[in-house]
Amino acid sequence: MPRQTRIANDPALYDRLAGEWWRPRGVFAVLHWLAAARGALVPAPERPGAVLVDLGCGAGLLAPHVTGYVHVGVDVSRESLALAREHGVLAVRADVAAVPLPDECADVVVAGEILEHVPDLAAVVAEACRLLKPGGLLVVDTLAATALCRFLAIGVAERIPRIATRGVHDPALLVDRRELVRECRRHGVGLTLRGIMPHLGDAALWLARRREAVRMAPVPTTAVLFQAWGVKGARPEAGPGR
């Protein structure tokens with residue numbers, strides 16, 4: 001039997017593994033932890049009907065952490081969007097570089113673990129900022145384009161069961177932090193960045209089945225996994241970090 005070739009960054013992977021999305025100990029377990037950390041950056045809505053646009057929403061893992069918003073999820077995976085609908089997400093099947101929503105429609109735009117999967121970072125950033133109202137909040141988490149990140153997030157993590165699926169990332173698409181900051185600034189959003197990683201104590205307890213979830217902990221470098229946030233029209237608190 002010929003050996004099956006894995007395609008790096010294959011979008012069809014999410015349809016094939018759709019049954020794993022909402023399993024806390026499934027192959028997407030880390031995405032549950034990241035969704036909780038992402039949701040912690042989103043304040044409670046200030047008004048009824050406030051809109052949150054979730055770019056690359058997958059199966060809607062962010063939904064439990066952003067209650068009160070009209071949660072609009074954008075993704076190309078039909079199977080993932082079907083699951084997102086079950087969790088109250090208004091699903092839109094579209095490329096995150098061409099979202100069929102009007103300008104300045106969102107109080108919050110979230111791009112969680114999606115920027116490291118897109119071939120045109122500038123186009124997706126422009127689209128995210130276009131959707132955002134003046135004074136609205138952009139929240140991002142992604143992987144940095146560094147040798148350290150390629151080693152840890154791809155070379156190591158993709159070989160550990162339940163941490164990352166083999167072939168889920170293309171190292172050529174990891175995110176240049178300075179480019180991300182520059183493109184957001186071009187569209188009126190100044191970013192603050194901070195590095196994060198799974199809390200090691202929580203991770204050990206999770207592996208021993210003594211804890212159901214793992215918190216993300218801040219780290220002093222943004223060279224691997226990082227969060228970024230900024231308000232449209234406001235100045236950032238800090239630069240792109242190390």
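The values are calculated or read from the model by the stated rules, or taken from the named source; none is laboratory data. Predicted model, so just to flag it, every value in this text is computed and none were measured. When we count neighbours, we look across all protein chains shown, and the Cβ atoms used for this are built from the backbone with ideal geometry, even at glycine. SASA here: full protein model, heavy atoms, side chains in, ligands and nucleic acids out. Shrake-Rupley method; radii C 1.70, N 1.55, O 1.52, S 1.80 Å.
Pairs, please: C-beta under 6 Å, at least 6 apart or cross-chain, first residue touching a residue at least 24 places away in the same chain (Cβ under 8 Å) and among the basic types (Lys, Arg) and in segment 186-210, second assigned to a strand (DSSP E or B) and open to solvent by 60 Å² or more (accessible area, probe 1.4 Å)?
ARG194/PRO218
Scanning for something without any contact (Cβ under 8 Å) to a residue 40 or more places away in the chain, of a type in the set (Val, Ile, Thr), open to solvent by 70 Å² or more (accessible area, probe 1.4 Å) and out of contact with any strand residue (DSSP E or B) (no Cβ under 6 Å at 6 or more places or on another chain), does segment 7-18 turn up at least one residue?
So the first thing to find is which residues in segment 7-18 are without any contact (Cβ under 8 Å) to a residue 40 or more places away in the chain, and the list is 12, 16.
Filter once more, so that each one left must be of a type in the set (Val, Ile, Thr): none.
There is no residue in segment 7-18 that is without any contact (Cβ under 8 Å) to a residue 40 or more places away in the chain, of a type in the set (Val, Ile, Thr), open to solvent by 70 Å² or more (accessible area, probe 1.4 Å) and out of contact with any strand residue (DSSP E or B) (no Cβ under 6 Å at 6 or more places or on another chain).
Which members of segment 42-56 meet the condition of being buried (at least 18 other Cβ atoms within 10 Å of the Cβ) and farther than 14 Å from VAL72 by Cα?
Within segment 42-56, VAL42 is the sole residue that qualifies.
Take the residues of segment 74-91 that are among the β-branched types (Val, Ile, Thr) and within 19 Å of VAL118 (Cβ to Cβ): which is most open to solvent (accessible area, probe 1.4 Å)? Walk me through how you get there before you give the answer.
First, the residues of segment 74-91 that are among the β-branched types (Val, Ile, Thr): 74, 76, 89.
Then drop every residue that is not within 19 Å of VAL118 (Cβ to Cβ), which leaves 74, 76.
Numbers: VAL74: 0, VAL76: 72 Å².
My answer is VAL76.
With the requirement that a residue be assigned to a strand (DSSP E or B) and open to solvent by less than 30 Å² (accessible area, probe 1.4 Å), what does segment 122-135 give you?
Across segment 122-135, the qualifying residue is only LEU132.
Kindly evaluate LEU138 against the criterion of being in contact with an Asp or Glu (Cβ under 8 Å, 6 or more places away or on another chain) and either closer than 21 Å to ARG38 by Cα or surrounded by 23 or more Cβ atoms within 10 Å (Cβ to Cβ) (or both). Even if it seems obvious, please write down each step before you answer.
Working: in contact with an Asp or Glu (Cβ under 8 Å, 6 or more places away or on another chain): no; either closer than 21 Å to ARG38 by Cα or surrounded by 23 or more Cβ atoms within 10 Å (Cβ to Cβ) (or both): yes.
Answer is no for this residue.
Filter segment 73-106 down to the residues that are in contact with a strand residue (DSSP E or B) (Cβ under 6 Å, 6 or more places away or on another chain) and of a type in the set (Lys, Arg) and list them by number.
ARG85
In this structure, is ALA145 modelled with pLDDT under 95, of a type outside the set (Phe, Trp, Tyr) and open to solvent by 10 Å² or more (accessible area, probe 1.4 Å)? First the steps, then the outcome.
Numbers: modelled with pLDDT under 95: no; of a type outside the set (Phe, Trp, Tyr): yes; open to solvent by 10 Å² or more (accessible area, probe 1.4 Å): yes.
Against the criterion (modelled with pLDDT under 95, of a type outside the set (Phe, Trp, Tyr) and open to solvent by 10 Å² or more (accessible area, probe 1.4 Å)), ALA145 does not qualify.
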